[in-house]
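Structure first, commentary second.
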Amino acid sequence: MLQLENPFWTFSLDVYARAGVAEECLGLQARHGIDVNALLFCAWAGAGRRALLSERQVAGIVARVEAWQQRTVLPLRTVRQTLKEMLAIGEPVTTLRKDVAAVELKAEQIEQAMLFADAAALLEGAGAARAAEAVPANLACFLSHHGAAVAAAGQLAAAARAFAAEHPAER
């Protein structure tokens, strides 16, 4: 059974709420089609587990949730974004859009629970490093995997390193 409330979810909520992180992540999502949950998992692997990921591990992380992302999260996001263009219809559409947004968030939480449940296997063989080294290295590996500029996640890297400094490693 998936554990919806878990250390990765806690990390994500904390880090995503920090200044500039949401905007940066959404920009990467829009420009490069990046799965923000997989991106956050790579940051958490470095910050929470002090794991240094390889390209093979990043590819495994992306592959683990690709079907869920494509078949569940993205269709919900498309509906929510389409409804935004139709808000002039009235309150029922506004309410529906809020409801769809809540379901989309739950789908994202399930995706994160899937990654957390498989964390041991996904991170098996990862190198060990201090969070200050692992976080930017993992993000660079993930962004490179997607053809994005390595420096494109500076706010996320800073927020994840700050989280790591505030919380002991979870090993």
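The values are calculated or read from the model by the stated rules, or taken from the named source; none is laboratory data. For clarity, every value in this text was computed on a predicted model and none was experimentally measured. We place every Cβ from the backbone using ideal geometry, glycine too, and count neighbours over all the protein chains shown. What goes into the accessible areas is simple: the full protein's heavy atoms, side chains included, and nothing from ligands, DNA or RNA. Shrake-Rupley method; radii C 1.70, N 1.55, O 1.52, S 1.80 Å.
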Percent relative contact order for segment 30-171, counting Cα pairs under 8 Å at least six residues apart, stands at 46 percent
Calculate, for K84 and A19, the FRET efficiency according to 1/(1 + (r/R0)^6) with r their C-beta to C-beta distance and R0 35 Å; round to the nearest 0.05.
-> 0.90
Taking the Cα centre of segment 33-83 as the origin, how large is its charge dipole in debye, to the nearest 20, when only Lys and Arg (+1) and Asp and Glu (-1) carry charge on their Cβ atoms?
-> 140 debye
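Report in % the part of the accessible area of the chain that belongs to carbon and sulfur, leaving out ligands and nucleic acids; probe 1.4 Å. Working shown, then result.
Details: 5040 of 8420 Å².
C and S fraction of accessible area: 60 percent.
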Could you state the angle between the C-alpha long axis of helix 36-48 and the longest principal axis of the C-alpha atoms of the chain, as a value from 0 to 90 degrees rounded to the nearest 10?
-> 30 degrees
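Per residue, how much accessible surface does segment 18-124 expose to a 1.4 Å probe? Answer in Å², no decimals. Each step should come with its number before you reach the end.
Values: 5130 Å² over 107 residues.
With all protein chains present, segment 18-124 gives 48 Å² per residue.
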Assigned charges on the beta-carbon of Lys, Arg, Asp, Glu; segment 32-171 dipole about Cα centre (debye) = 100 debye
